[in-house]
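Chemist: Pasting a structure here, questions to come.
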Amino acid sequence: MSTGSVLLWFRSDLRVHDHGLLAQAAAKGHPVVALFVWEEAWMRTTRLGWPRMGSHRVRFLAETLADLRDQLAAQGVTLRVRFGDPETIVAEEAARWEVQQVWAHTEPAWDEVQLEKRLALRLRRQGVWVHFSSADTLHHRDDLPFAVPALPRVFTQYRSRVEKSVRVRPEAVLETGLVGVKCEPAWEVPLVPREAAGRYAGGERAGLARLNHYLWQTDRLAVYKQTRNGLLNEDDSSKFSPWLACGALSPRRVWHEVKRYEQERGANESTYWLGFELLWRDFFHWSARAHGRDLFLDGGIRQARVAWRRDRDDFERWRTGTTGYALVDACMRELAATGYMSNRGRQVVASFLVKTLGVDWRWGARWFESQLVDCDPASNYGNWQYVAGIGHDPVPFRVFDVEKQARTYDRDGAFVRRWGPKALTLPMVDFATATAEVRERYRRAGLPV
């Protein structure tokens with residue numbers, strides 16, 4: 001029997017499959033009001049001069065919400081999409097539809113955690129019970145062999161402990177139909193800019209189709225470890241990240257499909273390695289929770305005191321792909337045009353900005369946050385801190401040699417021809433000299449080099 005209606009606040013869990021709160025509402029017979037808040041803050045221009053959420057991300061999120069709206073409508077539930085401040089809007093919606101409870105999945109980053117605390121207090125004052133639970137990790141928090149604040153400092157230690165003692169839980173399943181509260185729809189979604197690229201279609205169904213394509217239709221999972229650093233071929237890597245980032249694809253669905261693939265078509269190093277990458281994603285999630293605000297501060301979780309340069313001209317040459325280093329420029333232009341860049345490309349351009357130009361890593365992280373359709377704060381800022389040597393990397397001054405990376409991963413120059421500038425320009429700095437100068441900055445900060 002139902003014990004009252006529930007407002008289900010969707011956040012980075014924009015799917016119907018493996019959605020624990022939907023399954024719980026169905027099992028208990030709670031009538032559901034579904035809400036998503038498109039935050040006004042996402043559309044504001046940052047102090048660096050660009051919107052926090054760029055056009056590619058706007059398009060991808062709008063498509064994902066349209067797909068979720070259709071999926072929920074098929075279950076008899078209306079999705080309301082509101083624009084503004086989530087603390088205010090969730091409270092307003094709870095009062096408007098006279099719900100007794102608000103349910104939502106938690107987020108790992110500092111601002112979102114603080115929002116959850118403020119909202120819970122506000123709703124309790126309204127007499128509304130609030131329930132937050134975990135959704136976007138492979139392993140459940142309660143199953144970890146350590147408390148989150150005691151997260152191992154190095155990924156290898158984390159992986160070793162988790163692989164030995166933690167199993168991935170089964171997916172949450174909708175075993176009965178949902179009951180929707182009768183309410184009018186709302187669709188306060190910003191207009192998608194004309195320049196927004198459509199490289200990847202947003203939505204749960206598109207994410208599940210990509211999973212099926214990569215594993216079952218093409219068998220590319222079998223060679224993932226050998227091809228994952230490719231720059232140009234669409235199937236060199238899984239490309240699951242856009243859907244994982246917004247929760248349109250569940251990491252547990254990916255994991256269990258990989259295990260089924262291993263049973264039916266065989267396990268090898270590549271099938272293991274995809275699960276290995278999901279563990280990295282979890283690690284950054286738990287790190288965001290463990291380190292809070294330090295994830296976003298210039299010294300990182302090491303609280304290092306590196307004298308970062310804040311040179312706008314150098315940064316703009318990096319951002320616009322006009323450094324004179326062909327691989328860096330091609331990667332940055334691909335990002336601007338499509339909202340995506342390979343993992344190898346991200347490491348190369350991040351290393352160049354921070355370890356060669358010495359520019360504040362947070363500028364790069366904020367540009368990626370604006371542009372990448374697969375951006376989530378924990379992975380984005382965690383990876384940037386790792387490359388900057390102020391995060392979880394046990395080797396703080398690890399440098400990617402741009403020319404060597406080009407020779408290794410773009411041997412025939414196809415990627416640079418596809419995305420690089422048509423006219424060659426002189427390099428903006430001498431790589432060796434500039435990197436040596438930044439190395440000295442790290443040494444003065446007391447970091448091992």
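A short reminder: the numbers here are calculations on the coordinates, not readings from a lab. All of these numbers come straight from a predicted model, not from anything done at the bench. Glycine gets a Cβ as well: all are built from the backbone with ideal geometry, and neighbour counts include every protein chain shown.
Chemist: Starting from the eigenvalues of the Cα gyration tensor, five times each then square-rooted, give me the equivalent ellipsoid semi-axes of the range 297-444, largest first, whole Å. Present the calculation step by step, with values, prior to reporting the outcome.
Modeler: Numbers: eigenvalues 107, 62, 37 Å².
After diagonalising the Cα gyration tensor, the semi-axes are 23, 18, 14 Å.
Chemist: Could you sort out which of LYS355/LYS422; LYS225/LYS355; LYS182/LYS259; LYS239/LYS422; LYS28/LYS117; LYS117/LYS239 sit more than 31 Å apart by Cα distance in this structure?
Modeler: Numbers: LYS355/LYS422 27 Å; LYS225/LYS355 27 Å; LYS182/LYS259 40 Å; LYS239/LYS422 27 Å; LYS28/LYS117 26 Å; LYS117/LYS239 34 Å.
Table pairs above 31 Å Cα-Cα are LYS182/LYS259; LYS117/LYS239.
Chemist: Report the antiparallel proportion of the DSSP beta bridges in the chain as a percent, rounded to a multiple of 5.
Modeler: Values: 1 of 26 bridges.
Counting only bridges with both partners in the chain, antiparallel ones make up about 5 percent.
Chemist: To the nearest 20 debye, what charge dipole does the range 1-135 have about its Cα centre, counting +1 at the Cβ of each Lys and Arg and -1 at the Cβ of each Asp and Glu? Before the final figure, lay out each step's value.
Modeler: Details: 17 positive and 16 negative charges, 47 e Å.
Computed about the Cα centre, the dipole is about 220 debye.
Chemist: For LYS164, which aspartates and glutamates qualify as cross-link partners when the Cα separation must be under 13 Å and same-chain residues fewer than eight apart are set aside?
Modeler: Cα-Cα hits under 13 Å: ASP143.
Chemist: Moving on to the next point. TRP187: net charge of surrounding residues, Cβ under 10 Å, Lys/Arg +1, Asp/Glu -1, itself excluded?
Modeler: Values: positive: ARG69, ARG80, ARG82; negative: GLU188.
Neighbourhood net charge equals +2.
Chemist: Continuing with the same structure: Under a point-charge model restricted to the Cβ atoms of Lys and Arg (+1) and Asp and Glu (-1), what is the dipole moment magnitude of the range 113-256 relative to its Cα centre, in debye to the nearest 20? Can you show the working numbers first?
Modeler: Values: 23 positive and 15 negative charges, 116 e Å.
So the dipole magnitude of the range 113-256 works out to roughly 560 debye.
Chemist: Also: Could you list the trypsin sites (Lys or Arg not before Pro) in the range 274-308 that lie in coil according to DSSP, counting only those with at most 14 other Cβ atoms within 10 Å of their Cβ?
Modeler: Hits after loop and neighbour filter: ARG305.
Chemist: Oh, and also: Test of the criteria: in the range 126-179, which trypsin sites (Lys or Arg not before Pro) are in a DSSP loop and have at most 15 other Cβ atoms within 10 angstrom of their Cβ?
Modeler: On the way: sites: ARG141, ARG153, ARG159, ARG161, LYS164, ARG167; in loops: ARG153, ARG167.
Of the trypsin sites (Lys or Arg not before Pro), the ones in loops of the range 126-179 whose Cβ has at most 15 other Cβ atoms within 10 Å are ARG153, ARG167.
Chemist: Now a separate question. Placing unit charges on C-beta atoms (Lys and Arg positive, Asp and Glu negative, everything else neutral), compute the dipole magnitude of the chain about its Cα centre in debye, rounded to 20. Don't skip to the end; give the middle numbers.
Modeler: Numbers: 65 positive and 56 negative charges, 173 e Å.
Rounded to the nearest 20 debye, it is 840 debye.
Chemist: If we restrict to alpha carbons, what Rg and Dmax does the range 1-135 come to, in Å?
Modeler: That works out to 15.1, 53 Å for Rg and Dmax.
Chemist: To continue, here is another question. May I ask you to list the residues of the range 207-228 whose amide nitrogen lies under 16 Å from a point 7 Å from Cα along the Cα→beta-carbon direction of TRP273?
Modeler: It comes to 215, 219-228, nothing else.
Chemist: Which shape class applies to the range 197-332: rounded if a/c is under 1.5, otherwise prolate when a/b exceeds b/c and oblate if not, where a ≥ b ≥ c are the square roots of the Cα gyration tensor eigenvalues?
Modeler: Values: a/c = 2.18, a/b = 1.55, b/c = 1.41.
Verdict is prolate for the range 197-332.
Chemist: Let me ask you something else. Is the range 60-125 rounded, prolate or oblate when judged by the Cα gyration tensor, a ≥ b ≥ c being the square roots of its eigenvalues, rounded requiring a/c under 1.5 and prolate requiring a/b larger than b/c? Don't skip to the end; give the middle numbers.
Modeler: Values: a/c = 2.16, a/b = 1.37, b/c = 1.58.
Because a/c hits 1.5 or more and a/b fails to exceed b/c, the range 60-125 counts as oblate.
Chemist: Given DSSP loops and a limit of at most 14 other Cβ atoms within 10 Å, what is the longest stretch of the chain that contains no such GluC sites (Glu not before Pro)? Walk me through the intermediate numbers first.
Modeler: On the way: sites that count: GLU98, GLU175, GLU188, GLU195, GLU234.
Segment 235-449 is the longest.
Chemist: Under the rule of -39500 (n - 2.57) per DSSP H run of 4 or more residues, summed and divided by the residues of the chain, what mean residue ellipticity at 222 nm is obtained, to the nearest 500 deg cm²/dmol?
Modeler: Numbers: 18 runs with 204 residues, N = 449.
Mean residue ellipticity at 222 nm (helix-derived): -14000 deg cm²/dmol.
Chemist: Add +1 for every Lys or Arg and -1 for every Asp or Glu among the other residues with Cβ under 15 Å from the Cβ of LEU174, and state the total. If you can, show how the numbers build up before the last one.
Modeler: On the way: positive: ARG15, LYS28, ARG252, ARG253; negative: ASP13, ASP18, GLU171, GLU175, GLU204.
Within the 15 Å Cβ shell, the charges total -1.
Chemist: Lys and Arg at +1, Asp and Glu at -1: add these up for the other residues within a Cβ distance under 14 Å of ARG59 and post the number. Write out the running numbers ahead of the final one.
Modeler: On the way: positive: ARG57, ARG194, ARG199; negative: GLU63, ASP67, GLU195, ASP374.
Around ARG59, the charge tally is -1.
Chemist: Determine the distance separating the Cα centre of the range 109-148 from the Cα centre of the range 390-449; give it in Å without decimals.
Modeler: When both Cα centres are located, 39 Å separates them.
Chemist: Roughly what percent of Cα-Cα pairs across the chain reach past 38 Å? Don't jump to the answer; show the numbers that get you there.
Modeler: Values: 23575 of 100576 pairs.
For the chain, the share of Cα pairs beyond 38 Å comes to 23 percent.
Chemist: Something else about it: For the range 342-449, run through the trypsin sites (Lys or Arg not before Pro) and keep only the ones in DSSP coil with at most 16 other Cβ atoms within 10 Å of their Cβ. Don't jump to the answer; show the numbers that get you there.
Modeler: Details: sites: ARG344, ARG346, LYS355, ARG362, ARG366, ARG398, LYS404, ARG407, ARG411, ARG417, ARG418, LYS422, ARG439, ARG441, ARG443, ARG444; in loops: ARG398, ARG411, LYS422.
Of the trypsin sites (Lys or Arg not before Pro), the ones in loops of the range 342-449 whose Cβ has at most 16 other Cβ atoms within 10 Å are ARG398, ARG411, LYS422.
Chemist: Shifting gears a bit: Scattering from the C-alpha atoms of the range 21-96 alone, worked out with Debye: what is log10 I(q)/I(0) at q = 0.21 1/Å?
Modeler: Each listed q corresponds, in turn, to -1.04.
Chemist: Report the label-to-label distance for ASP430 and LYS117 in nanometres (one decimal), using points 7 Å from each Cα along the Cα→Cβ vector.
Modeler: 5.1 nm
Chemist: To continue, here is another question. Tell me which residues come under 5 Å, amide H to amide H, from ARG169 once H is placed; ignore anything under 5 positions away on its chain.
Modeler: Counting only residues 5 or more places away or on other chains, the set is HIS140.
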